[in-house]
Amino acid sequence: KVAIKGIERELICPACKELFTHPLILPCQHNVCHKCVKEILFAFEDSFADGGSESSNQSSPRIRISASSMDRIDRISRSGRKRNSLTPRSTLFPCPGCQRDIDLGERGINGLFRNFTLETIVERYRQAARAAIAIMCDFCKPPPQESTKSCMDCSASYCNECFKIHHPWGTLKAQHEYVGPTTNFRPKILMCPEHEMERVNMYCEICRRPVCHLCKLGGCHANHRVTTMSTAYKTLKEKLSKDIEYLISKESQVKSHITQLDLLLKETECNSERAKQEASQSFEKLYDVLEEKKSAALRAIETSKNIRLEKLQMQVEEYQGLLENNGLVGYAQEVLKETDPSCFVQTAKQLHVRIQKATESLKTFRPAAETTFEGFVVDIAKQEDILGDLSFHSNGLEIPEINEEQSRMYNKALISWECPGKTDSADIYVLEYHKLNREEENVTWQKIEVCGKSKVVSDLDDDSSYAFRVRGYKGSICSPWSQEVILRTPPAPVFSFLFDDKCGYNNEHLQLNPRRTSVESRAGFPLLLASERLQVGCYTTLDYIIGDTGIAKGKHFWAFRVEAYSYLVKVGVVPSNKIQKLFHNTHDVTSPRYEQDSGHDSGSEDAFFDSSQPCTLVTLGMKKFFIPTTPTAPKDPASRILPLPSCLGICLDCDRGRVGFYDAGHMKCLYECEVDCSGIMYPAFALMGGAAVHLEEAVTAKYREYNDDI
């Protein structure tokens, strides 16, 4: 016989932490009280109406739902499950035993079996625990008598007299099954929860639960492998018996492991005390250093104070001597009373020098010592940062690395990082950043705690460089700082706009996406027809498109990406008074430089061509950035061709009348020129052949979305 009191740990509900009451078997094979399952489901349903789980746990004083379980309830409520859905609704249940979300199916709690075996064991444990506490008869008149037997068919307890009255000889009730006094009444036949009128007679090996023949014929177990109940009973009982016999045969090994674990417990206690002592000694050393520095600083201040007080006191005494009938003035007044010339001259010469010095000091009064102690202010900024980073370093936590390719700087900074081992061993990350300033000697890092592996940082200054670093924390243990990454903000505030699909938009050659953030020029059949004019010295027209928002004043920046396969793209700005000329520009149709009968190829037409353009544009294409031909530009054509950056930016300063073209990935200016900003300025783009331009999307705070995997 197994000691009942030794198995109490197996009889505790993981939700309420009390003995099981009518336990239900979940699909994950864990047991939970019937009442606890209902309360957890009620808390789950309340999270839909309340928008959270903060108050749902307060309505149930019996159940103790852990914070992790409530977090899972909140996550499930955000997973997309809707009420009143036309599709069959599955009920998710956060199991407190395995910490997983269990699908209870369409029937929910009604599809779960009661664990009558566990219920019987709990009842035996209760009887062993209360020993002398008797179960009273349910039918005696007050005062009730102690019961002597319980009827399993009537689910009631009786004393001898009441049992004879309610179970007379010669009736069907006399054939009822009775046992000793108990409060655990279980049905003789286990019925199917899905088909309440059918008894279970098979066992599903896939779902590991009893089923009836209707479940196998047309229910959810139709295609599952099943076996008869007797076969399952015999097989499982043999397996369980063998496993129990094996564990019993290994009792000496189990005891050895228990002894080893007891030693490990004691060793852990000793090592923790030793670690505490070493940590205390380390901090005591710091205290001693601080106390020594503190004493030295206080002594220096006290010494300086005494010297200053002494000087000021002497100065006070000197000035008191300048008062009438006091000190030097009084002595001089007495000397003036001398009538003997020789004696007077002998004394007055030295006295006159002293009087002159006092007169001069009176004219240029200056305290003998400073009253401020600004030179004795202790600078502890660096030490505060060092002490703030004081923690346990461990080689178990990997050093995170900031991913510069996924990180970007635009209207806000998006910083992403990852661990080299691709494992998320840290519970939380700390991201720090500061603005690079050569004038500041002491660096002050701004700190942000992050649960994920990316963070959006806002409120950064324009045209500035920032250093970023990150470290991981797991409890009180932290990893070393990652390598610092320097990113630069745009030179001006970010200007947001979309492509204009009305003003001059050629939908035969250009194609916009629905959001109007991308435009594509396709080299289709119309371009082939237009190319016939190439034999007479003409080339096809550029297809222009502008932004839907203009700029009247100030300094603004916008960025975009040009596809690598693009043949020819022009980007820049155009004033509002020249937009019509832009879309009807004759110089895009012919070029005298390439006409067969122009008679020369001097290139002088380029100056006329550039000066007559209605807008300021630079040329991109074939993975190259072409610096326009200007008097200040390099004469060597090869030096005017740069690799095309992955992301380009344009900075327009209307107040200064200048426009700059940037490598937006590094915020480096590639080319800058003057521009006429007399009118409202619009972003302008021109495409020819196969080409595409995508506007850079603004950085926004992204929240993790939970997907419904039901």
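The values are calculated or read from the model by the stated rules, or taken from the named source; none is laboratory data. Quantities reported herein were computed from a predicted structural model and do not represent experimental measurements. Cβ sites come from the backbone with ideal geometry, for glycine too, and all protein chains shown count toward neighbours. Heavy atoms of the whole protein, side chains included, go into the accessibility calculation; ligands, DNA and RNA do not. Shrake-Rupley method; radii C 1.70, N 1.55, O 1.52, S 1.80 Å.
Suppose a student asked you for the relative contact order of the range 414-488, using Cα pairs under 8 Å spaced at least 6 residues apart; what percent would you report? Could you put the intermediate results ahead of the total?
Numbers: 116 pairs, mean separation 27.0, N = 75.
Relative contact order, the range 414-488: 36 percent.
Set the bar at 19 Å for Cα to Cα. Now go through 216/239; 570/624; 17/38; 455/668; 435/474 and name every pair that lies beyond it.
Working: 216/239 25 Å; 570/624 12 Å; 17/38 16 Å; 455/668 24 Å; 435/474 28 Å.
In this structure, 216/239; 455/668; 435/474 exceed 19 Å between Cα atoms.
I want to check the label-to-label distance for residue 233 and residue 262. Put each point 7 Å from Cα in the C-beta direction and report it in nm to one decimal.
4.2
Please give the FRET efficiency for residue 282 paired with residue 329, using the beta carbon to beta carbon distance and R0 = 51 Å, rounded to the nearest 0.05. Provide the component values of the computation, followed by the final result.
Details: r = 66 Å, r/R0 = 1.29.
With R0 = 51 Å, the Cβ-Cβ based efficiency is 0.20.
Using 7 Å Cα-to-Cβ label points, what is the residue 275/residue 418 separation (nm, one decimal)?
3.2
Suppose R0 equals 25 Å; then what is the FRET efficiency for residue 166 and residue 199 from their Cβ-Cβ distance, rounded to the nearest 0.05? Show your work: numbers first, answer last.
Values: r = 27 Å, r/R0 = 1.08.
FRET efficiency, residue 166 to residue 199: 0.40.
Picking from 185, 265, 174, whose Cα lies most toward the positive end of the charge dipole for the range 162-277 (charges on Cβ: Lys, Arg +1; Asp, Glu -1)?
174
Determine the relative contact order of the range 93-185: mean sequence separation of Cα pairs under 8 Å and six or more apart, normalised by residue count, in whole percent. Could you put the intermediate results ahead of the total?
Numbers: 101 pairs, mean separation 20.1, N = 93.
The normalised contact order for the range 93-185 reaches 22 percent.
What residues from the range 647-679 fall in the zone where the backbone N is under 16 Å from a label point 7 Å along the Cα-to-C-beta line of residue 462?
Correct set: 649-662, 667-669.
Starting from the Cα-Cα distance between residue 189 and residue 371, subtract it from 0.36 nm times their residue separation and give me the gain in nm to one decimal. Could you put the intermediate results ahead of the total?
Working: separation 182, 0.36 × 182 = 65.52 nm, distance 9.78 nm.
Computed gain between residue 189 and residue 371 is 55.7 nm.
Might you report the magnitude of the Cβ-based charge dipole of the range 414-488 about its Cα centre, with Lys and Arg at +1 and Asp and Glu at -1, to the nearest 20 debye?
On the way: 10 positive and 13 negative charges, 83 e Å.
About 400 debye.
Is there a quick way to get the dipole size of the range 97-237? I mean about its Cα centre, with the Cβ of Lys and Arg at +1 and of Asp and Glu at -1; what is the value in debye to the nearest 20? Before the final figure, lay out each step's value.
Working: 19 positive and 14 negative charges, 81 e Å.
Dipole magnitude for the range 97-237 comes out near 380 debye.
Of 297, 355, 254, which is farthest towards the positive pole of the range 231-362's charge dipole, taken about the Cα centre with +1 and -1 on the beta-carbons of Lys, Arg and Asp, Glu respectively?
The residue sitting most towards the positive pole is 254.
Taking a probe of 1.4 angstrom, what is the accessible area of residue 681 in Å², to the nearest 10?
Accessible area, nearest 10 Å²: 0 Å².
Of 487, 457, 421, which is farthest on the positive side of the dipole of the range 414-488, counting Cα position, with +1 on Lys and Arg Cβ, -1 on Asp and Glu Cβ, and the Cα centre as origin?
The listed residue farthest towards the positive side: 421.
Per residue and in cubic angstrom, what volume does the convex hull of the Cα atoms of the range 414-488 have? Walk me through the intermediate numbers first.
On the way: hull volume 7.7 nm³, N = 75.
So the per-residue Cα hull volume is 103 Å³.
Is the range 154-239 rounded, prolate or oblate when judged by the Cα gyration tensor, a ≥ b ≥ c being the square roots of its eigenvalues, rounded requiring a/c under 1.5 and prolate requiring a/b larger than b/c?
Details: a/c = 3.42, a/b = 2.40, b/c = 1.42.
In terms of gyration-tensor shape, prolate.
Which trypsin sites (Lys or Arg not before Pro) does the range 199-268 hold that lie in a coil by DSSP with at most 14 other beta carbons within 10 Å?
Sites meeting the loop and neighbour criteria: 208, 225, 250.
On a straight-distance basis, which lysines could pair with residue 357 in a cross-link, Cα separation under 30 angstrom, same-chain partners fewer than 8 positions away excluded?
305, 311, 337, 349
Can you give the accessible area of residue 384 in Å² (nearest 10), computed on protein heavy atoms with a 1.4 Å probe?
Only protein atoms counted, so the area is about 110 Å².
Let me know the shape class of the range 245-286, please: from the alpha-carbon gyration tensor, a ≥ b ≥ c as square roots of the eigenvalues, rounded when a/c is under 1.5, otherwise prolate if a/b is greater than b/c, or oblate. Show your work: numbers first, answer last.
On the way: a/c = 10.30, a/b = 7.11, b/c = 1.45.
It is prolate, given that a/c is not under 1.5 and a/b is the larger ratio.
Starting from 0.36 nm per residue, how many nanometres of slack lie between residue 668 and residue 581 once their C-alpha separation is accounted for?
Working: separation 87, 0.36 × 87 = 31.32 nm, distance 3.18 nm.
Working it through step by step, the gained length comes to 28.1 nm.
Where the only charges are on Cβ atoms (+1 Lys, Arg; -1 Asp, Glu), what is the dipole of the range 231-362 about its Cα centre, to the nearest 20 debye? Working shown, then result.
Numbers: 20 positive and 22 negative charges, 163 e Å.
My answer is approximately 780 debye.
Taking a ≥ b ≥ c as the square roots of the eigenvalues of the Cα gyration tensor of the range 286-366, is the shape rounded (a/c under 1.5), prolate (a/b larger than b/c) or oblate?
Prolate is the answer for the range 286-366, as a/c is 1.5 or above and a/b outweighs b/c.
Please work out the FRET efficiency for the pair residue 29 and residue 513, using the Cβ-Cβ distance as r and a Förster radius of 60 Å; give the result to the nearest 0.05. Present the calculation step by step, with values, prior to reporting the outcome.
Details: r = 51 Å, r/R0 = 0.85.
E between residue 29 and residue 513, to the nearest 0.05, is 0.75.
Describe numerically, in nm with one decimal, the distance between label points set 7 Å from Cα along Cα→Cβ at residue 109 and at residue 42.
Computed distance between label sites residue 109 and residue 42 equals 0.8 nm.
Taking 0.36 nm per residue of sequence separation and subtracting the Cα-Cα distance, how much length would be gained by fully extending the chain between residue 346 and residue 503, in nm to one decimal?
Numbers: separation 157, 0.36 × 157 = 56.52 nm, distance 10.67 nm.
Result for the pair: 45.8 nm of gain on full extension.
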